[in-house]
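Undergrad: So that we are looking at the same thing, I have put the structure below in C-alpha cells.
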Amino acid sequence: MRLTEQQVRSLYGQHVQDRSGAKIGSVGQVWADAAGEPTWVSVKTGVMGHHESMAPLAGAGMAEGRLRVPYDKATVRSAPAVESGTEAPLGSDQLAQLYRHYQLQQQEQPQRRPGAPEMTRSEERLRVGTQSEPAGKARLSKHVVSEDVHTTVPVEHDEVRVVREPITAANRGDVRPDIRDEQREMELRAERPVVAKDQVPVERVRLTKDEIVEDEPIDAQVRRERVDADVPEPARRRR
C-alpha cells in the first residue's frame, strides 16, 4: 500500500474496518519498511487493555477517511499485539508470528514511523453532590403555667319579707286572742360558690418533618489546560 507522507500521518487515530466494513478499532502506530513505505499498523480494539493488535497494510485501502484491511474482525483482534505507544521496532520473533498469523510471505523488518505530534488537553469538571449531616434537634417540652380565669355563677339565697294580713269580721272566729310574748323562727338558706378543678385533655401535640428541596448556590474554581501552537510563519496553513 503506497501512501503519501500526508496520508501516512493521517492514519493515526483513523477508524479501521474489516473487509465487510465492520469497525475493528482505530490506528495506534505505523511501521514502515527500509524504503519508508508503511507496512504494518497497530489497532486499538478496546478489548486488550494497554495492548494494540497488529495488522498488515498489504492489500489495505483508504476510503472516506477509514482504513479497510482485507481481513475479518476476529482475525485482526486475535493477532499478536504490541504495547500502546511503543517506540520500539518490531523484532524478528514478532514479525515471524505476524506473518504466520496472516499467512503472508515474510519481508524485511519494518521500523516504526514517527506519529504526528500531539498532546492531550485536560480540564477539571465540577462534581457536585450532597451529604446528610445533623442540623440540630427539635423537641417537645410541656410546662405548667397559671393564668387568671374570670367567670360568674348564679347563687340563690332566701330573703325575708314581712306580710301583714288584717283580720276581718269574716275570719275573726278563726283566731283566738292571746296576749303574751312569743317568738317564731324561719330557717333561711343561701348558696355560696364552690370551685373545683377537673383535668381534661384538650389536644394532642406531636412533631413531624417535611423534606424541603431548594437550590443552594455553589461557587468553585476549576482548572483547565490551554494548548497554544507555536508554528513558524512559512509553515502556517493559509485559509
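The values are calculated or read from the model by the stated rules, or taken from the named source; none is laboratory data. These numbers were taken from a predicted model, which means no experiment stands behind them. Cβ sites come from the backbone with ideal geometry, for glycine too, and all protein chains shown count toward neighbours. The area values use the complete protein model at the heavy-atom level, side chains included, leaving out ligands, DNA and RNA. Shrake-Rupley method; radii C 1.70, N 1.55, O 1.52, S 1.80 Å.
Undergrad: Can you tell me which residue in the range 59-75 is nearest to His101 (Cα to Cα), limited to those that are touching an Asp or Glu at 6+ places or on another chain (Cβ under 9 Å) and either of a type in the set (A, V, I, L, M) or open to solvent by 60 Å² or more (accessible area, probe 1.4 Å) (or both)?
TA: Within the range 59-75, the first condition is being touching an Asp or Glu at 6+ places or on another chain (Cβ under 9 Å), and the residues that meet it are 68-75.
Retained after the next criterion (residues that are either of a type in the set (A, V, I, L, M) or open to solvent by 60 Å² or more (accessible area, probe 1.4 Å) (or both)): 68-69, 73-74.
Values: Arg68: 18, Val69: 14, Lys73: 13, Ala74: 12 Å.
Step by step, filter the range 59-75, then rank; the result is Ala74.
Undergrad: Somewhere in the range 208-223, is a residue within 30 Å of Met119 (Cα to Cα), in contact (Cβ under 8 Å) with a residue 40 or more places away in the chain and open to solvent by 100 Å² or more (accessible area, probe 1.4 Å)?
TA: Checked the range 208-223: at least one residue is within 30 Å of Met119 (Cα to Cα), in contact (Cβ under 8 Å) with a residue 40 or more places away in the chain and open to solvent by 100 Å² or more (accessible area, probe 1.4 Å).
Undergrad: Within the range 98-107, can you find the residues that are exposed (fewer than 12 other Cβ atoms within 10 Å of the Cβ) and in a helix (DSSP H, G or I)? Before the answer, list the steps.
TA: Here is the first cut: in the range 98-107, the ones exposed (fewer than 12 other Cβ atoms within 10 Å of the Cβ) are 100, 103, 105-106.
The one that is exposed (fewer than 12 other Cβ atoms within 10 Å of the Cβ) and in a helix (DSSP H, G or I): Arg100.
Undergrad: Separate question: Where the second residue is open to solvent by 40 Å² or more (accessible area, probe 1.4 Å) and part of a strand (DSSP E or B) and the first is without any contact (Cβ under 8 Å) to a residue 24 or more places away in the chain and of a type in the set (Asp, Glu) and lies in the range 62-83, which pairs have Cβ atoms under 6 Å and are six or more apart or on separate chains?
TA: Between residues of the range 62-83 that are without any contact (Cβ under 8 Å) to a residue 24 or more places away in the chain and of a type in the set (Asp, Glu) and residues that are open to solvent by 40 Å² or more (accessible area, probe 1.4 Å) and part of a strand (DSSP E or B), there is no close pair.
Undergrad: Pick out, from the range 1-97, the strands (runs of 3 or more DSSP E) lying fully within it that include 1 or more residues that are closer than 17 Å to Gln107 by Cβ.
TA: Working: elements: 15-17, 23-32, 38-44, 51-56, 61-63, 66-68, 81-83.
Once the strands (runs of 3 or more DSSP E) in the range 1-97 are filtered for at least 1 residues that are closer than 17 Å to Gln107 by Cβ, what remains is 23-32, 38-44, 51-56.
Undergrad: Right, something else. Quick check on Ala196: is it touching a residue at least 12 places away in the same chain (Cβ under 8 Å) and over 30 Å from Thr120 (Cα atoms)? Break it down into steps so the answer makes sense when it comes.
TA: Working: touching a residue at least 12 places away in the same chain (Cβ under 8 Å): no; over 30 Å from Thr120 (Cα atoms): yes.
The answer is no for Ala196.
Undergrad: Moving on. Can you find a residue in the range 168-189 that is open to solvent by less than 100 Å² (accessible area, probe 1.4 Å), of a type in the set (S, T, N, Q) and at negative phi?
TA: yes
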